[in-house]
């Protein structure tokens with residue numbers, strides 16, 4: 001089975017973020033980078049499935065030259081080879097444009113299954129995976145907890161609301177977005193790190209795939225949320241005031 005995993009490079013969670021001079025993105029000169037955590041779970045799901053059925057795992061990443069570090073991390077964990085769609089320093093903020101580039105890059109690979117994370121830690125749209133499935137004309141399932149081979153297809157367990165789950169059978173090829181925390185992540189071994197240096201990384205310029213083109217989403221401004229304080233007095237009898245307070249905490253603050 002040939003499996004593709006979409007991964008993304010994002011700023012480390014320990015990084016101190018600053019808005020850059022343009023106000024349209026963060027200052028990335030001194031940032032530490034890491035693999036997007038939801039994508040790490042997608043990678044783990046793909047590696048576990050390959051261990052069950054054998055085959056090949058290909059990681060695909062769209063990002064600047066610095067994304068090579070994230071790609072090598074995925075290769076060190078066990079991916080067989082990689083496709084690097086080279087972009088400029090500003091991330092592609094349009095999930096439709098990103099999906100179209102990935103679809104073109106994956107088309108000659110004829111993969112059986114594509115895994116993506118649920119969303120990215122930086123922009124958090126949660127749309128790229130399902131748009132990629134639509135672009136490639138693939139059946140898909142979201143919030144996937146478990147994947148098992150089933151005849152000529154696969155059987156997946158999806159997480160729904162309020163503790164409910166759904167089991168779905170899908171034909172191949174297909175695309176799955178993986179729920180974060182669904183399994184325990186593996187670490188790269190010393191041998192894996194050494195092997196990653198010799199594994200193939202195919203580089204494709206974004207322009208060769210049509211580039212971002214005219215984006216359907218424009219990132220106009222990035223800013224830190226303003227901190228404000230607001231007080232509200234509930235008049236009337238204590239019982240009525242307490243009921244109003246509970247209502248506010250439950251439906252507005254959502255802490256109950």
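Just so you know, all these numbers are worked out from the coordinates, no wet-lab data involved. No experiment lies behind these values; they were computed from the predicted model shown. In this analysis, Cβ positions are derived from the backbone assuming ideal geometry, glycine residues included, and neighbour counts consider all displayed protein chains.
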note = Apart from one, (1) free of Cβ contacts under 8 Å to residues at least 60 places away in the same chain; (2) closer than 19 Å to residue 81 by Cβ; (3) in contact with a helix residue (DSSP H, G or I) (Cβ under 8 Å, 6 or more places away or on another chain) all hold for residue 195; the odd one out is (1)
ask   = Given the structure, is residue 166 more than 17 Å from residue 41 (Cα to Cα) and either surrounded by fewer than 18 Cβ atoms within 10 Å (Cβ to Cβ) or in contact (Cβ under 8 Å) with a residue 60 or more places away in the chain (or both)?
value = yes
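Look at segment 236-256 and say how many of its residues are assigned to a helix (DSSP H, G or I) and exposed (fewer than 10 other Cβ atoms within 10 Å of the Cβ). Quick ask: steps written out before the conclusion?
If we filter segment 236-256 for residues that are assigned to a helix (DSSP H, G or I), which is where we start, we get 238-251.
Of the ones still in play, those that are also exposed (fewer than 10 other Cβ atoms within 10 Å of the Cβ) are 238-239, 251.
Result for segment 236-256: 3.
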key: Residues (under 20 Å from residue 33 (Cα atoms), in contact with a helix residue (DSSP H, G or I) (Cβ under 9 Å, 6 or more places away or on another chain) and assigned to a loop (DSSP other than H, G, I, E, B)) located in segment 79-90   = 79, 87, 88, 89
note = Taking segment 222-235 and the residues there that are under 32 Å from the mean Cα position of the chain (by Cα) and loosely packed, with under 10 Cβ neighbours inside 10 Å, the one that is farthest from residue 92 (Cα to Cα) would be 228
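Before we move on, is residue 204 outside any loop (DSSP other than H, G, I, E, B) and either exposed (fewer than 13 other Cβ atoms within 10 Å of the Cβ) or in contact with a strand residue (DSSP E or B) (Cβ under 8 Å, 6 or more places away or on another chain) (or both)? Can you show your working first?
Numbers: outside any loop (DSSP other than H, G, I, E, B): yes; either exposed (fewer than 13 other Cβ atoms within 10 Å of the Cβ) or in contact with a strand residue (DSSP E or B) (Cβ under 8 Å, 6 or more places away or on another chain) (or both): yes.
Against the criterion (outside any loop (DSSP other than H, G, I, E, B) and either exposed (fewer than 13 other Cβ atoms within 10 Å of the Cβ) or in contact with a strand residue (DSSP E or B) (Cβ under 8 Å, 6 or more places away or on another chain) (or both)), residue 204 qualifies.
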